[in-house]
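> Questions regarding the structure given below will be posed in turn.
Every read-out reported here was derived from the displayed coordinates using simple, explicitly stated rules and does not represent laboratory data. This one's a predicted model, so the numbers in the text were calculated from it and none came from an experiment. In this analysis, Cβ positions are derived from the backbone assuming ideal geometry, glycine residues included, and neighbour counts consider all displayed protein chains.
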């Protein structure tokens, strides 16, 4: 493979910049552009050390920047190849000039994710660990980062490996019974034993698949729509949760016409808040578009915070909102308890909605903590045990686990119908192959390229 180079830090002015290079000729190329302050043959510099010196222009030998260069020698590096990282000052022009000199000296520009791709192709990490890296980089919450790091460490790989070994043991028994039928146990006993083993494995896979519900919340957040009629306090609620004046608050109805979206964290869980236009009948075309958009978003939301003005009796638009949330995940918020209390929680229509009811003041933030507790309870977020169990956060992994479960069901069905053992073995073998796609032992080049194309340059 060729020697590749890329800027690994963001292309902005900063304290330091890192230009990363990896490949067989890494040190030969570096030698052309790097002059150590203390003269030493670069090939003699041991791995896991840093050298101070200068990057120079390849042709003129003019000094470009003073740098620290980290050395990593094969196979003990991120890619398992010879690697170096040039730590320069963080100016955009400086970094680009250093990159240019490395390219002129013989390196090739790295593609997005190519360093991590080489780590995978060279066997240092498997495909699910590589995906853990990109998830860790893109993590939007502390809990997602924690789950991604576990995957990077290989926790999911280890679990998949254990399950595959159990399936391989079953396959070994089947192969033995095909090759030496005279030594086989009574077929009925063998079938019962295999069925029990398959059910045990299926249970483990189902547990992994079901963890995706929690994993999806960690990765994508809870898409939360704030719904209410004009002046019920939607924008005030958004501001109270964000602890900033993000939305305009006014006594004039119809202030919010389009959606306002913000991300926050509740105990490490991302919450995507969407403030919407007040629900009412209006002749204003722009406001009408906003109302229609709000109602559409309710159908796509994971949760609706339906807010009502607790200083007034329920009106027609309030009843319309109660109808919208009828079959959805929703919490009813009775706002403005700091002003007046109409005790809407006793209202027949509110009770019939059969949703959690919380009395709040968006103005004083009274009841906001109770709201957080209810959200955690509703999505069972306090039950997510990242440290003690595997959590599937990647839809690709979830789909492969589902395909493997389906194949195990086919195998059990074949046993029940007394189908030939070699036919049953086909389904079990397919289940094995579906799991191997998760870790990359059996995966197409298209999938590999698709995964690494999501990485940034220099990673």
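> Mind giving me the nanometre distance, one decimal, between the label points for residue 447 and residue 25, set 7 Å out from Cα along Cα→Cβ?
3.5
> Another one. State the extension gain, in nm to one decimal, for the chain segment bounded by residue 261 and residue 93, taking 0.36 nm per residue of separation less the distance between their alpha-carbons.
Working: separation 168, 0.36 × 168 = 60.48 nm, distance 3.55 nm.
Result: 56.9 nm gained on full extension.
> Add -39500 (n - 2.57) for each DSSP H run of 4 or more in the chain, then divide by its residues: what number comes out at 222 nm, to the nearest 500 deg cm²/dmol? Display every interim value, and only then the final one.
On the way: 16 runs with 210 residues, N = 459.
My calculation for the chain gives -14500 deg cm²/dmol from helical runs alone.
> At a threshold of 8 angstrom on Cα-Cα distance, excluding pairs fewer than six apart, so keeping six or more, what relative contact order does the chain reach in percent?
Values: 788 pairs, mean separation 73.3, N = 459.
Computed over the chain, the figure is 16 percent.
> So what's the Cα pair-distance distribution over the range 4-110, bin width 5 Å, in %?
Calculated P(r), rounded to whole percents: 2, 14, 26, 27, 21, 8, 1.
> If I model a spin label as a point 7 Å beyond the Cα along the Cα-Cβ vector, how far apart are those points for residue 138 and residue 2 in nm?
Distance between the two pseudo-spin positions: 2.7 nm.
> Using the Kirkwood radius over C-alpha pairs as Rh, can you work out the diffusion coefficient of the range 62-183 via Stokes-Einstein at 37 °C, viscosity 0.692 mPa s, in µm² per second? Spell out each step's value before the answer.
On the way: Rh = 18.3 Å.
The Stokes-Einstein estimate is 179 µm²/s.
> OK, next. List, largest first, the extents of the alpha carbons of the chain along their principal axes, each in whole Å.
Taking the Cα atoms of the chain, the three principal extents are 83, 81, 37 Å.
> Let me ask something else about it. With a 10 Å Cβ neighbour count serving as the proxy for reagent exposure, in which order, fewest first, do 364, 311, 393 appear? Don't skip to the answer; put the middle values down first.
Details: 364 12, 311 15, 393 25.
By the 10 Å Cβ count, ascending, the order reads 364, 311, 393.
> Right, another one. Return, ordered by residue number, the residues of the range 194-223 whose backbone nitrogen is under 13 Å from a label point located 7 Å along Cα→Cβ of residue 454.
Within reach of a label on residue 454, which here means backbone N under 13 Å from a point 7 Å along Cα→Cβ, the range 194-223 contributes 216, 219-220.
> Quote to one decimal, in nm, the extra length available between residue 378 and residue 299 on full extension: 0.36 nm per residue of separation minus the C-alpha distance between them. Don't skip to the answer; put the middle values down first.
On the way: separation 79, 0.36 × 79 = 28.44 nm, distance 1.80 nm.
Extra length available between residue 378 and residue 299 comes to 26.6 nm.
> Now a separate question. If N is the number of residues in the range 317-459, what value comes out of its Cα radius of gyration divided by 2.2 N^0.38 Å? Before the final figure, lay out each step's value.
Values: Rg = 25.4 Å, N = 143, 2.2 N^0.38 = 14.5 Å.
Taking N as the residue count of the range 317-459, the ratio is 1.75.
> Still on this structure: Please give the length that would be gained between residue 319 and residue 418 if that part of the chain were fully extended, namely 0.36 nm times their separation in residues minus their C-alpha to C-alpha distance (nm, one decimal). Let's see the in-between values first.
Working: separation 99, 0.36 × 99 = 35.64 nm, distance 5.90 nm.
Separation in residues times 0.36 nm, less the Cα-Cα distance, equals 29.7 nm.
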